[in-house]
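Right, one structure below, let's go through it.
The values are calculated or read from the model by the stated rules, or taken from the named source; none is laboratory data. The model shown is predicted, which means the values in this text are computed figures rather than measured ones. Please note that ligands, DNA and RNA were not included when accessible areas were found on the heavy atoms of the full protein model with its side chains. Shrake-Rupley method; radii C 1.70, N 1.55, O 1.52, S 1.80 Å.
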Amino acid sequence: MTSESTSPPVVPPLHSPKSPVWPTFPFHREGSRVWERGGVSSRDLPSPLPTKRTRTYSATARASAGPVFKGICKQFSRSQGHGFITPENGSEDIFVHVSDIEGEYVPVEGDEVTYKMCPIPPKNQKFQAVEVVLTQLAPHIPHETWSGQVVGS
């Protein structure tokens, strides 16, 4: 029998990367849409306001059980995805997010709406409108559907 010495395999030394490696922000959890796409851009950063997708079940249940309020759409920007409603009682304007609008029309200034209110974390001192329904479209103003079709004039 001949004995051959076996030498360990040659492993190249480890080098640190030339450019710094930073973790991506925000840290994504599995199941999020950004995680599935595999990329992050500045418009993918999460909104600090709770939307229908990010609101907890308990907050949604409390808002759904609350009273219905009436108001008028003060302004809404489809491109930015949010706007404001002036309450019927004349109090401070209420924020509304695109994900909380029910129905087929994009709200415009002057539309009458009904809505429920949900507190905005972390201090729950301000409120946003949820379950927003357009009850009366503003007359003589063209309205657009979410698919882009213009209706009325």
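Could you tell me the accessible area of ASP100 in Å² (1.4 Å probe, neighbours in place), rounded to the nearest ten? Result for ASP100: roughly 0 Å² accessible.
Ranking of THR56, THR145 by solvent-accessible surface, largest first: THR56, THR145 (1.4 Å probe, protein heavy atoms only, all chains present).
Note that the stretch 132-147 has calculated 3J(HN,Hα) couplings of 7, 10, 6, 9, 9, 6, 4, x, 6, 10, x, 10, 10, 7, 5, 7 Hz, one per residue in order, obtained from phi through the Karplus relation 6.51 cos²θ - 1.76 cosθ + 1.60 (θ = phi - 60°); glycine and proline are x. Figure note: VAL96, VAL10, VAL108, VAL151 ranked by solvent-accessible area, largest first, 1.4 Å probe, ligands and nucleic acids not counted: VAL10, VAL151, VAL108, VAL96.
These residues, ILE72, ILE101, go from largest to smallest accessible area, 1.4 Å probe, as ILE72, ILE101.
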